[in-house]
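This report refers to the structure that appears directly beneath it.
The values are calculated or read from the model by the stated rules, or taken from the named source; none is laboratory data. Note that the structure is predicted; figures quoted are calculated from it, not measured. Positions of Cβ are generated from backbone atoms using ideal geometry, with glycine treated the same way; all protein chains shown enter the neighbour counts.
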Amino acid sequence: MNSNYSNGLKKCTNLNQLFKWNSCFSKAKTFIPYLFFFIFLHSIQGQKKNADYRLNIRKTNAVITIDGIVDEEAWQETDVANDFFMVLPEDTGKAEQQSEVRMCYDDKHIYLAAVFYHNPPGPYYVESLRRDFSFGKNDNFLLFLDPFNNQTTGFSFGANAAGAQWDGTMNNGSNVDLNWDSKWISKVKQDKDKWVVEMAIPFKSIRYKKDVKEWGINFSRLDLKSSEKSSWTPVPRQFSTSTLAYSGVLVWDEAPPPTGVNFSLIPYVLGSVNANNIEGSNTDYETKIGGDVKFALTSSLNLDLTINPDFSQVEVDQQIVNLDRFELFYPEKRQFFLENADLFASFGYSNIRPFFSRRIGLDVPIHAGVRVSGNLNENWRMGLMDMQTASDEETGLPSQNFAALTFQKKVFSQSSIGLMFVNKESTSYPIDTEEYRELYPKFNRNLGLEYNLASYNNLWTGKAFVFKSFSPDDEGNGFTQAANIEYKTQNWNFGFKEEYVADDYRAEVGFVPRTGYFKINPFVGYLFYPEKKSTVLSHGPRATNISYFNEDFKNTDYLNLLQYYLNFRNRSSFRMTLINEFVELQEPFDPTGTGKPELPAGSQHYWNALRLNYNSKPQSMFTYSIGTRVGGYYQDGSWFSLNNELGYRFQPYVSLSSVISYNNIKMPAPWNTTEFWLIGAKADITFTNKLFFATLFQYNEQSKNFNLNSRFQWRYQPASDLFLVYTYNDQLAPFTDTTQTLTLKLVYWFNK
């Protein structure tokens, strides 16, 4: 990088001189037109689309038994939500499969009873009895609640036709985070011509504002036998039925009762045996005690505390083939970080995240943590998190404090403005030398603003953000900004995205695998819908360009994609992709990912390729997906890959699945031919909706790794579990590391 440009980037850090430097302005000016355009779009906002769909809910003093039999007198006195609209395969009329939903409440619970008829009679399709099932693989019913009626946040509850439960928090207008679990009960009964679900949801299990008498609400049903998805209110088929912009209104006869004291204590105790051969035969025995505390500061704002947390029952990551030049992303699975996770994790883009909770407690224990999160009122949300980790004398890693503060303000119909501050502070160095202070800097901070756009009808969506990093030296004091806008109708889908990440931008508590680039990404797609009913539901092309430039605006990468989609009425799908790609390496890179020689920085590579993907219909007991890629690769080489996923279920008790990936890379010497397999197999056994066993085995020839993870879970009370977990991990030759762990963990959820 030339010195003038480098000096210019440093001047960007001074806000008073930001627009006095041309190179800074050339990047910042792309942000400003988007911001004004987003604001202009909201000048034409209208009222809530389905505000006329209203369901009255009344208080009852009758006793309701949750048994899947709708015979209580209270159900005869409620309003009925029926006459659902078809969403898929078409959204032009009423659903053919009839549904009826009733609701009432008492001082402690919201009650729901739903009856789903199917004509003609036939089998039910379910995946298993496991909680938080896959939506598209089950006959199911979902409830979407928007207690603040703000069309952006809420809760979802549901069940499949075998009785498995579904629950999650809602964010960004339609996303459902299934990692959230709460205490509630349900029961499903099946007949030949219908299935019935009853639910009782405690008021203490959700968050809402007192004295609000109108909530957003919608009901969704999927019937796989007829391939029909339906909704109580009309929802355009390009959107999910969870889209709160298209929800109706739940009208209370009086304001829902206050929750009173809402306090939960969730202690755990565990014992584990750990064996490894890293330094000869070595076996360790461990006992551990810790737990969480949940306290409702208000009916919509929650305080969470954790002491000595343990995540041994969390499933291992599913391995994938890594032929990417940059770090791969693996999602957070630890329960403490998941409630209201969108307040922290949704800032930025998938490849520009100022906060990524998996950076916390990486290879060291977490001593304690606190989080305050939720809604301040119908327009304001906040999140505050602070975690303290241990130090490691062997590596010199200091104990560190991780803090994040976010505020989110709803504007217009569904949009929001957010602020985030992230701080990582080294608090105590076990080896306090200049070398270790350079290796583990004293602090890293990020401060930024973000604007999320969602028009009242969801046709226009987008985002714009800017973040600035702060570090002890000038090399970590850069900034990033990005913006995108997308338009989506039934036929058209097009948009534009741009990103800039400075070479000296640092997010040590985030996920930013690539720095020092400017990126543009336009795309356009169109779907055709056959006028006559046929096996093809929709089809159409999509064109995408992704271009990267360095900070001197020299093109270093581009990826051109021309795709064609076929979506079938039975919910199977096919996709063909033509690939045209160019890469100029900025760093040395091993194109095989197996430890072979690296290609030099500055070398240029072009290739074309073809990718084909097919997903079978989910109704079959035997399901599969298959994908292949054939074409060029680095150094005028070739890359052939074949990926296959298979599944078979003995519903609803046993689900078997496998993942098989084969890769063959041919390049000139010294790389020659490289081939490797990735094989994974999983057995998921659900004896009941409270007793589960799952085992996963994976063999990755590329990384020379074999692992096995088996987990037994007994939910002996709502949200209270006994786990028995066995993990085996083997680094194959030429490595010799083998570790085994057996853990018994008891968790109890105490509510007041």
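Here are a few things to note about the model shown:
- Of all residues in the range 465-499, those being of a type outside the set (Gly, Ala, Ser), under 30 Å from ARG437 (Cβ atoms) and in contact with a strand residue (DSSP E or B) (Cβ under 8 Å, 6 or more places away or on another chain) number 8.
- Hey, PHE693 closer than 21 Å to VAL659 by Cβ and among the hydrophobic types (A, V, I, L, M, F, W, C) or not: yes
- Among the residues of this structure, LYS745 counts as one that is of a type outside the set (Val, Ile, Thr) and modelled with pLDDT of 90 or more.
- Whichever residue in the range 441-465 is more than 30 Å from ASP504 (Cα to Cα) and among the aliphatic types (A, V, I, L, M) and, among such residues, is surrounded by the fewest Cβ atoms within 10 Å (Cβ to Cβ): LEU459
- Of the residues in the range 195-208, at least one is under 25 Å from the mean Cα position of the chain (by Cα) and at pLDDT 90 or above.
- Residue match in the range 276-299 (condition: under 21 Å from the mean Cα position of the chain (by Cα), of a type in the set (Asp, Glu), surrounded by 14 or more Cβ atoms within 10 Å (Cβ to Cβ) and under 29 Å from TYR726 (Cα atoms)): no
- Among the conditions (1) farther than 29 Å from GLU551 by Cβ; (2) touching a helix residue (DSSP H, G or I) at 6+ places or on another chain (Cβ under 9 Å); (3) β-branched (Val, Ile, Thr), VAL422 misses just one, which is (1).
- Subset of the range 534-590 that is of a type in the set (Lys, Arg) and surrounded by fewer than 17 Cβ atoms within 10 Å (Cβ to Cβ) - its residue that is modelled with the highest pLDDT: ARG575
- Condition met for ARG629 (buried (at least 16 other Cβ atoms within 10 Å of the Cβ) and either in contact (Cβ under 8 Å) with a residue 60 or more places away in the chain or of a type in the set (Ser, Thr, Tyr) (or both)): no
- Residue ID - nearest to TRP166 (Cα to Cα), chosen from residues in the range 730-752 that are free of Cβ contacts under 8 Å to residues at least 60 places away in the same chain and in contact with an Asp or Glu (Cβ under 8 Å, 6 or more places away or on another chain): ASP730
- Matching residues in the range 65-84 - criterion: being in contact (Cβ under 8 Å) with a residue 40 or more places away in the chain and buried (at least 19 other Cβ atoms within 10 Å of the Cβ): ALA81, PHE84
- The range 204-221, subset part of a loop (DSSP other than H, G, I, E, B) and of a type in the set (D, E, K, R), residue nearest to TRP380 (Cα to Cα): LYS209
- Restricted to the range 222-264, and to residues there that are exposed (fewer than 15 other Cβ atoms within 10 Å of the Cβ) and not small (Gly, Ala, Ser), the residue that is farthest from TYR105 (Cα to Cα) is PHE263.
- Consider the range 328-381 and keep the residues that are of a type in the set (Asp, Glu) and closer than 16 Å to ASN175 by Cβ. The one that is surrounded by the fewest Cβ atoms within 10 Å (Cβ to Cβ) is GLU332.
- Wholly enclosed strands (runs of 3 or more DSSP E) of the range 375-450 bearing at least 2 residues over 17 Å from LYS468 (Cα atoms), touching a residue at least 60 places away in the same chain (Cβ under 8 Å) and among the hydroxyl-bearing types (Ser, Thr, Tyr): 415-428
- Within the range 119-138, the residues that satisfy the criterion of being under 17 Å from ASP191 (Cβ atoms) and crowded, with 22+ Cβ neighbours inside 10 Å are TYR125, VAL126.
- Verdict on ASN160 being crowded, with 18+ Cβ neighbours inside 10 Å, modelled with pLDDT of 90 or more, touching a Phe, Trp or Tyr at 6+ places or on another chain (Cβ under 6 Å) and of a type outside the set (Asp, Glu): yes
- A residue that is in contact with a strand residue (DSSP E or B) (Cβ under 8 Å, 6 or more places away or on another chain), part of a strand (DSSP E or B) and surrounded by fewer than 16 Cβ atoms within 10 Å (Cβ to Cβ) can be found somewhere in the range 593-607.
- The single residue among LYS690, LYS704 that is out of contact with any Ser or Thr (no Cβ under 6 Å at 6 or more places or on another chain) and either under 22 Å from PRO597 (Cα atoms) or of a type in the set (S, T, N, Q) (or both) turns out to be LYS704.
- Among the residues of this structure, ASP310 does not count as one that is loosely packed, with under 15 Cβ neighbours inside 10 Å and either over 23 Å from VAL372 (Cα atoms) or in contact with a Lys or Arg (Cβ under 8 Å, 6 or more places away or on another chain) (or both).
- Scanning the range 97-111 for residues that are under 27 Å from MET86 (Cα atoms) and outside any strand (DSSP E or B) gives GLN97, GLN98.
- Of all residues in the range 343-357, those satisfying the criterion of being more than 12 Å from the chain's Cα centre (by Cα) and either part of a strand (DSSP E or B) or of a type outside the set (A, V, I, L, M, F, W, C) (or both) are GLY348, TYR349, ASN351, ILE352, ARG353, PRO354, SER357.
- Failed condition for TRP184, given (1) within 19 Å of ILE110 (Cα to Cα); (2) crowded, with 22+ Cβ neighbours inside 10 Å; (3) modelled with pLDDT of 90 or more: (2)
- Of the residues making up the range 723-752, those that are in contact with a Phe, Trp or Tyr (Cβ under 9 Å, 6 or more places away or on another chain) and exposed (fewer than 15 other Cβ atoms within 10 Å of the Cβ) number 2.
- Residue within the range 228-242 that is in contact with a Pro (Cβ under 9 Å, 6 or more places away or on another chain), of a type in the set (Lys, Arg) and either under 30 Å from ALA95 (Cβ atoms) or at pLDDT 95 or above (or both) present: yes
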